[in-house]
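Step one of this worksheet: look at the structure below.
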Amino acid sequence: MIRSETIDVLGISETWLFEDISDNEISFNGYSLFRYDRNDLVKKRGGGVILYIKNELNPSLIPELCVSNFKESVWCNIKCNNNIVLPLGLFIELLIALN
């Protein structure tokens, strides 16, 4: 999809990625990749998020938001028209069943 369409930002949740999968295996030319992998110690299935952002948007990671707001999230700044900087985030909200 990203190769056949003109996409500026692509966000994917439930990636199921883990640290043994390198960025080179899942990257696309012309895009910066930002990811937060699932925690294999906590989750055996599911989880993880990834953002692909066109390099032309000068994306940069906002690490303080990645760790403070949501457990599985990735947050970046992008520069739009007139160099306006916009924060952009992708997260999975974990729901816990109450007994």
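Please treat every number below as a calculation from the coordinates, not as lab data. For clarity, every value in this text was computed on a predicted model and none was experimentally measured. Every residue, glycine among them, receives a Cβ derived from its backbone with ideal geometry; neighbour counts consider all protein chains shown.
So here's what we get for this one:
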{"read-out": "Segments 50-58, 78-86 sorted - mean Cβ within 10 Å per residue, highest first", "value": "50-58, 78-86"}
{"read-out": "Segment residue 83-residue 5, extension gain: residue separation times 0.36 nm, minus the distance between their alpha carbons", "value": "25.7 nm"}
{"read-out": "Estimated inter-spin distance, residue 21 and residue 58, nm [label 7 Å along Cα→Cβ]", "value": "3.2"}
